[in-house]
Amino acid sequence: MIVIAIILAGPVEAVRVNVSTDKPVYSRDDTTVTFMIGVDIERNERVPIQDLTLRINDIYKVCEFAVDGSNSCDGITITPVDQGQESTGDLQGTGEGFFTPSDDFKKRDVAYGFGYGIEEENKRAGKDAEMLYQVEWDIADVPDGKYMVAIEAHAENGDTSYTYVSRKRLFHLNFDNEKVVDGAKASIRASGGTVDYVGLLTDFDRERTTLNSELRSFTFGTQELIDGKTFLDLYAEKEDTTKIKMQVDLRGNHMMTEFGPDRIEVDGEAKVDFQKTKQGIWLNTQRVGAEEPVRVQKTVQVKMIVEDNTVTVMSDDAVIPFQVTLDVDQFKFG
């Protein structure tokens, strides 16, 4: 918990590689799968990204491409949306990955020495990543089935090299017209309740939370899946002038533990925008206790449980752990 306190008190350092698909299931009518690939570099970090690798089912389809998107991959079209901002200085980046493919995947802090690297861009107009690519995969000759996509971002300077790795994203090619059967739907509106904790902060003096969620279950072959979107908006403050603002945006495919009128439990990846300020108080013509503002934008694993007229949203993320309990205002299931 001490590590969490340090991270929330100052700049967050992490390199995150993300990949998403434009939909979870593709039919024979679809000619391409569209991936969005992002490399998010936090402030105070500069990383010498040299190239990236797209992996579908590990080795079924492998495409290495340069920072400018150039490649020689059959059936793959890569369009750079943003290639990042390069600068000179000390090179360092913390993120999940490996030095060699035989290493365990884990979070490491890697120093690359001095040189050119990609850094956080200012005035990004809402973009989530410093490097962003749209990738189209031609699936005309691809067999149907279940596929997993992942991205690797390779960084190197001098004798030091490291590969940052994304989480795998699941999608399906349903070319045999296996029936997709819609199931139940849930609509949830909630507010009030309690901000149990955000990081090490608890016992807020004033709180305001709202949640809107639209979920649907469907069966694809023999698999039961959940699709939908959930948005949590949170504001909390303490008498010492600490203020927290956080938005949690959970959408797309979710893992389903339970989905019924009495209890819903789902897990999924959510985009989080966290802001913390503390202006301090005036004491003898001086402002005392002020802190530098902190802002963190990242993707985290989130669990949502709906039961007994309450909604609990929680994450055990290492940087922004949180738990919020809200009162259900409206619940429809059917």
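The values are calculated or read from the model by the stated rules, or taken from the named source; none is laboratory data. Nothing here was measured: the structure is a model prediction, and the numbers come from that model. All Cβ positions, even for glycine, are placed from backbone atoms using ideal geometry, and neighbour counts span all protein chains on display.
Within the stretch 227-246, the presence of at least one residue that is modelled with pLDDT of 90 or more, in the same structural domain as Q297 (by TED's automatic domain parsing), closer than 14 Å to V306 by Cβ and within 21 Å of the chain's Cα centre (by Cα) is confirmed. Being among the hydrophobic types (A, V, I, L, M, F, W, C) and outside any strand (DSSP E or B) is a property that A318 has. Scan the stretch 276-301 for residues that are touching a Gly at 6+ places or on another chain (Cβ under 6 Å) and under 28 Å from N18 (Cα atoms) and the total you get is 0. Just one of the listed residues (D273, D262) is under 23 Å from D227 (Cβ atoms), among the charged types (D, E, K, R) and over 28 Å from the mean Cα position of the chain (by Cα), and it is D262. Counting residues in the stretch 257-275 that are in contact (Cβ under 8 Å) with a residue 60 or more places away in the chain, under 14 Å from A184 (Cα atoms) and surrounded by fewer than 16 Cβ atoms within 10 Å (Cβ to Cβ) gives one or more. Taking the stretch 250-286 as the range and being modelled with pLDDT under 90 and charged (D, E, K, R) as the test, the residues that pass are R251, E258, D267, E269, K271. Say we look at the stretch 94-122 and pick out the residues that are at pLDDT below 80 and in a loop (DSSP other than H, G, I, E, B); which of these is farthest from E152 (Cα to Cα)? Filtering the stretch 94-122 for residues that are at pLDDT below 80 and in a loop (DSSP other than H, G, I, E, B), the one farthest from E152 (Cα to Cα) comes out as N122. K243 passes every criterion in (1) touching a helix residue (DSSP H, G or I) at 6+ places or on another chain (Cβ under 9 Å); (2) closer than 23 Å to R208 by Cα apart from (1).
Quick check, is G158 in the same structural domain as N57 (by TED's automatic domain parsing), surrounded by 12 or more Cβ atoms within 10 Å (Cβ to Cβ), among the small types (G, A, S) and modelled with pLDDT of 85 or more?
Numbers: in the same structural domain as N57 (by TED's automatic domain parsing): yes; surrounded by 12 or more Cβ atoms within 10 Å (Cβ to Cβ): no; among the small types (G, A, S): yes; modelled with pLDDT of 85 or more: yes.
No: the conditions fail for G158.
For R189, the test of being at pLDDT 85 or above, under 26 Å from P261 (Cα atoms), in contact with a strand residue (DSSP E or B) (Cβ under 8 Å, 6 or more places away or on another chain) and assigned to a strand (DSSP E or B) is passed. Among the residues here, G280 qualifies as under 28 Å from N44 (Cβ atoms) and not assigned by TED's automatic domain parsing to the domain that holds T21.
Being farther than 24 Å from E207 by Cα and among the polar types (S, T, N, Q), is that true of even one residue in the stretch 260-281? Walk me through how you get there before you give the answer.
First pass over the stretch 260-281, keeping only residues farther than 24 Å from E207 by Cα: 260-269.
Within this subset, residues satisfying the condition of being among the polar types (S, T, N, Q) are none.
No; the residues of the stretch 260-281 include none that is farther than 24 Å from E207 by Cα and among the polar types (S, T, N, Q).
Restricting the search to strands (runs of 3 or more DSSP E) fully inside the stretch 24-75 and requiring at least 3 residues that are touching a residue at least 12 places away in the same chain (Cβ under 8 Å) and farther than 30 Å from N157 by Cβ gives 25-27, 32-41.
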